[in-house]
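Visitor: This is the structure I want to talk about, given as structure tokens.
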Amino acid sequence: MRPSTPTALVTGANRGIGFEVSRQLAEAGMRVLLGARDRAKGEAAARALIRQGLSVEAVALDVTDQTSIRALGDRLESVDVLVNNAGVDYDTDQTPLSADLARVRRTFETNLFGARAMAQACAPGMRARRWGRIVNVSSGAASLASMRRDPPGYSASKAALNALTRLLAGELAGSGVLVNSVCPGWVATDMGGGGRPVREGAAGVVWAARLPDDGPSGGFFRDGR
């Protein structure tokens, strides 16, 4: 059963979509751990939400650093909702053949392996409690059906993240833990550079984080579709 006050962890949450997802989850009655690589920026973001009367706490977290992940210890086992939002490098300046492979590997470290590490840290506790939600923030650029010369490192890393979503959903089937990918759309963030309001993009992520127990798992959604 859904906990009365679920604990949600949002990675890369000191700005943009992650910050707005944190706000909306807290407004929905969740206790939110706002993850940020830069502790000072995370604490400043958390204070802005606390001033609004929301239950938010900043945690220092670099999803590419196992030491940073381990430092949170048992707190990760108590997470009920994991939003893998941390993402980097919308590399429109590269092409598939010209891409700097070291740069692509760095992109995969955050966008794929960071999400996998967080799932490995949080999912066992969810499975033991028979309830949980994992939301991987993906992108329309990860769609194999429409992929052409999209940002090569970013698109491939997000396509791999969608594959991870399917794998996790399969392993956790029947456990009460639902795992989905969500595309927030082209959003007016530092990375997106324009598009729809951040609040609208974040709403689809929050929808997946609040799915009912008979909700879907292993899907790729935008705006709940």
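Visitor: May I ask you to list pairs of residues, at least six apart or on different chains, whose Cβ atoms are under 8 Å apart, with the first in segment 206-225 being within 19 Å of Arg166 (Cβ to Cβ) and polar (S, T, N, Q) and the second being part of a loop (DSSP other than H, G, I, E, B) and modelled with pLDDT of 95 or more?
Guide: Listed by first residue and then by second, the contacts come to Ser217/Leu172; Ser217/Ala173.
Visitor: Considering only segment 158-176, I want to know if a residue exists there that is surrounded by fewer than 15 Cβ atoms within 10 Å (Cβ to Cβ), of a type outside the set (Asp, Glu) and under 26 Å from Arg31 (Cβ atoms).
Guide: no
Visitor: Need the failing condition index for Ser181 against (1) crowded, with 23+ Cβ neighbours inside 10 Å; (2) hydroxyl-bearing (Ser, Thr, Tyr); (3) not in a strand (DSSP E or B), just the number.
Guide: So the condition that Ser181 fails would be (3).
Visitor: While we're on this one: Mind listing whichever residues of segment 123-148 are over 12 Å from Val182 (Cα atoms), not hydrophobic (A, V, I, L, M, F, W, C) and not in a helix (DSSP H, G or I)?
Guide: Hits for segment 123-148 are Arg130, Gly132, Arg133, Ser146, Arg148.
Visitor: Among the residues in segment 104-114, are any surrounded by 15 or more Cβ atoms within 10 Å (Cβ to Cβ), of a type in the set (Asp, Glu) and touching a helix residue (DSSP H, G or I) at 6+ places or on another chain (Cβ under 8 Å)? Spell out how you get there, then give the answer.
Guide: At the first step, the residues of segment 104-114 found to be surrounded by 15 or more Cβ atoms within 10 Å (Cβ to Cβ) are 104, 106-114.
From the residues that got through so far, the ones that are of a type in the set (Asp, Glu) too are 109.
Now drop any that are not touching a helix residue (DSSP H, G or I) at 6+ places or on another chain (Cβ under 8 Å), which leaves none.
No, that holds for no residue.
The values are calculated or read from the model by the stated rules, or taken from the named source; none is laboratory data. Just so we're clear, the structure is a prediction, and the values are computed from it rather than from any experiment. All Cβ positions, glycine included, derive from the backbone under ideal geometry; neighbour counts span all protein chains shown.
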